[in-house]
1. Name the residue that is nearest to the chain's Cα centre (by Cα), counting only residues in segment 672-709 that are modelled with pLDDT under 90 and basic (Lys, Arg).
2. Given the criteria closer than 22 Å to Leu462 by Cβ and in a loop (DSSP other than H, G, I, E, B), does Pro345 qualify?
3. When segment 521-559 is examined, which residues are found to be open to solvent by less than 30 Å² (accessible area, probe 1.4 Å), under 16 Å from Thr663 (Cβ atoms) and outside any helix (DSSP H, G or I)?
4. Out of segment 53-76, which residues are within 23 Å of Val144 (Cβ to Cβ) and crowded, with 16+ Cβ neighbours inside 10 Å?
5. Restricted to segment 17-33, and to residues that are crowded, with 18+ Cβ neighbours inside 10 Å and in contact (Cβ under 8 Å) with a residue 24 or more places away in the chain, which residue is farthest from the chain's Cα centre (by Cα)?
6. In the set Gly527, Gly555, Gly497, which member is closer than 17 Å to Leu694 by Cα and either charged (D, E, K, R) or touching a helix residue (DSSP H, G or I) at 6+ places or on another chain (Cβ under 7 Å) (or both)?
7. Of the residues Thr401, Thr390, Thr383, only one is of a type outside the set (D, E, K, R), in contact (Cβ under 8 Å) with a residue 12 or more places away in the chain and surrounded by fewer than 17 Cβ atoms within 10 Å (Cβ to Cβ); which?
8. What is the residue count in segment 340-379 for residues that are open to solvent by 10 Å² or more (accessible area, probe 1.4 Å) and hydrophobic (A, V, I, L, M, F, W, C)?
Amino acid sequence: MDKLDGQIERVVFRNEENGFCVLRVKVRGHKDFVTVTGTTPAVAAGEWLAADGDWLVDPRHGKQFKAERMRMSQPDTLEGIEKYLASGMVKGIGKEYASRLVKAFGRDVFDVIENSSGKLQKVAGIGRQRRENIKKAWDEQKNVRQIMSFLFSHGISTTRAFRIHKIYGDKAIELVQRDPYCLARDIRGIGFLIADQIAMKLGIGRDSDLRARAGIEFTLGELTASGHCAYVRNDLLSRTAELLEINLEIIEKALNYSIENERLIQRSDRQGRELIYLPKLFFAEIELAKKLHLLAVQPHPCPSINAANALKWVQDKTGIALARAQKEALCTAIKSKVMVITGGPGVGKTTLVNSVLMVLKAKKMRVSLCAPTGRAAKRMAETTGMEARTIHRLLQYNPGTGGFIHRGDNPLECDVLIVDESSMIDVVLASQLMDAVPLHAAVIIVGDADQLPSVGPGCVLLDIIRSKTLPVGHLSEVFRQAASSRIITNAHRINQGAMPELPEEGDASDFYFVEADEPEKALALLGKMVHQSIPRKFRFNPREDIQVLTPMQKGELGARNLNQTLQQLMNPSGEQVERFGMVYRVGDKVMQTENDYDKEVYNGDIGRIVQIDSESSELAVDYEGRRVVYDFRELDELTLSYAITIHKSQGSEYPCVVIPLHTQHFVLLQRSLIYTAVTRAKKLVVVIGTKKALQMAVGRSDSRERITTLSDRLNEYSR
């Protein structure tokens with residue numbers, strides 16, 4: 001092989017996933033810069049490159065060096081050192097500070113940063129804080145590069161190296177070598193198959209107990225991610241055997257080991273099934289049921305109220321005549337310690353909650369309001385005229401302990417807690433919320449039980465209703481004003497298994513269906529309607545008012561492809577950064593995809609990119625007036641949100657909702673899905689696709705029941 005060495009002048013291109021790069025290199029004996037292609041875990045301008053490979057002539061780009069092996073080392077020339085420091089490798093050092101540092105310390109600058117960082121403060125503009133930031137960033141990039149090299153040597157994408165370092169710190173490689181399957185458990189974006197690949201390369205056998213135990217925990221984790229709180233033992237064993245392709249006896253032995261060592265829990269349910277739980281979910285169900293029961297048996301904090309007088313007073317004050325079910329629910333709410341209010345759109349849940357609030361505030365009760373998402377909390381605040389917070393902000397995260405400030409030993413300061421959009425709340429969050437409720441307080445749980453269940457494990461609202469252990473106010477009468485909206489009437493029709501009523505051609509309506517047989521046609525139509533037709537006809541702002549809701553992530557009409565299409569139409573150019581296979585531009589609408597307690601942004605929060613700073617490798621997002629900064633290496637937490645899945649839309653409302661619905665979504669088409677999508681719209685619904693897909697969705701009630709045992713637990717405590 002030919003050899004080549006020289007200083008990297010510029011990184012023309014680098015694929016974050018596989019490490020492939022195109023470099024411009026200053027090579028001895030060559031007048032012009034040489035183009036070098038190859039793969040490497042990490043690379044920066046200014047570094048010294050030694051490569052083995054072959055010269056070739058590319059038809060389009062001319063002569064270049066195709067490297068089979070590439071080795072990087074720190075530069076030793078002043079020019080190279082300055083380029084390296086200015087390349088963005090070390091946060092806090094841009095072109096200006098790179099120049100100052102090289103002038104001050106010359107070739108010793110790397111040694112100064114690493115071993116004598118106090119000297120950095122001699123440089124103009126570098127104070128204690130900047131010096132500490134530079135030292136921290138230097139150490140971090142060194143560790144991240146080591147992790148990248150480790151992953152790269154095992155044929156694994158290096159894009160998660162920063163996240164691995166963030167979670168495991170300096171011991172990352174040691175921990176992964178000891179148990180590579182920890183990556184599948186702890187690092188979002190690294191699945192079992194990648195961890196298994198590393199394990200094989202580290203010499204861990206296919207039939208090993210470590211692999212079998214990891215396979216069981218991974219399989220159960222995947223099942224809980226799809227909503228189950230537990231899974232039937234034999235079904236879990238067969239699913240794991242299918243994944244690992246090893247003898248069932250080995251897997252059974254591994255499962256018994258995990259149960260004996262309390263990594264997993266086995267219990268029989270009321271139907272006699274042997275269920276396997278992750279401990280977190282097992283105890284969340286038990287603690288939630290126990291606390292709901294304890295709350296329910298305590299006396300109500302509100303002084304004794306004459307229900308008939310309270311009803312008359314509320315109706316006189318508001319001028320609203322409550323329906324029979326609302327009256328009954330109001331009377332229950334002022335007597336019961338814990339109750340549920342449920343019903344579909346247009347049945348008066350908001351009117352009822354406001355009526356209850358009037359009575360409670362008249363009796364000087366301290367009331368706290370909360371909802372699972374920022375948008376739901378904002379809407380709750382608008383409809384009640386009171387402060388409403390997200391559950392996470394109400395409980396207040398404590399970075400020191402990694403838990404919430406408000407819990408059993410430090411409860412919330414309230415007499416009544418009202419929780420809205422409760423169908424969205426998974427069993428773990430519900431348990432944490434109830435743990436923080438003081439025993440004397442009353443709880444009112446509000447939600448639509450016919451909507452999709454929570455993204456996380458459990459069916460909390462439905463299980464509470466099914467248990468019949470707590471009073472439930474069912475509202476079903478659609479009010480006259482709401483009945484004039486086709487959105488409301490069609491939502492109820494869908495919920496009853498009937499096809500929505502569609503307007504005749506030329507009729508004005510707030511619910512439309514647009515036929516598009518082929519996915520390509522539907523995609524083109526959707527782009528045109530969101531970008532031009534709907535804004536022109538209905539005076540909606542395409543970025544602020546219109547939300548595309550789709551059943552799934554993948555496919556031509558999935559969220560990923562729709563987002564790329566809509567980004568090109570609505571925000572085609574401008575300052576941008578590309579990471580994790582996605583382009584982010586200033587002005588883009590983005591969604592947080594996981595809870596980040598340090599930043600206080602949570603799964604489902606939607607904001608807008610307001611700044612991209614390439615020098616500091618940071619991107620800023622505005623979340624309804626609150627600015628949150630992301631390191632470029634954290635951008636896997638963000639996804640474009642011109643289109644989002646229907647699951648992610650829960651708890652939110654939008655002026656206009658556009659729903660692509662096609663038979664390619666077959667797997668997910670079900671009644672609660674289309675019902676949830678339609679009920680997200682305040683003013684306009686447009687469904688684009690095939691009537692066959694719509695019929696399939698309306699005709700299929702939820703076929704995939706979640707395995708949960710909260711209802712059983714509530715019944716056990718209520719005996």
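The values are calculated or read from the model by the stated rules, or taken from the named source; none is laboratory data. Because the structure is predicted, anything quoted here is derived from the model rather than measured. Neighbour counts are summed over all protein chains in view; Cβ atoms, including those assigned to glycine, are modelled from backbone coordinates with ideal geometry. The accessibility values were calculated without ligands, DNA or RNA, using every heavy atom of the protein model including side chains. Shrake-Rupley method; radii C 1.70, N 1.55, O 1.52, S 1.80 Å.
1. In this case the residue turns out to be Arg704.
2. When the stated conditions are applied, Pro345 passes them.
3. Once the filter is applied, which keeps residues that are open to solvent by less than 30 Å² (accessible area, probe 1.4 Å), under 16 Å from Thr663 (Cβ atoms) and outside any helix (DSSP H, G or I), segment 521-559 yields Thr550, Pro551, Leu557, Gly558.
4. Those that are within 23 Å of Val144 (Cβ to Cβ) and crowded, with 16+ Cβ neighbours inside 10 Å: Ala67, Met70, Met72, Pro75.
5. Only one residue fits best here, namely Val25.
6. Gly497 is the lone residue from the list that is closer than 17 Å to Leu694 by Cα and either charged (D, E, K, R) or touching a helix residue (DSSP H, G or I) at 6+ places or on another chain (Cβ under 7 Å) (or both).
7. So the residue among Thr401, Thr390, Thr383 that is of a type outside the set (D, E, K, R), in contact (Cβ under 8 Å) with a residue 12 or more places away in the chain and surrounded by fewer than 17 Cβ atoms within 10 Å (Cβ to Cβ) is Thr383.
8. 5
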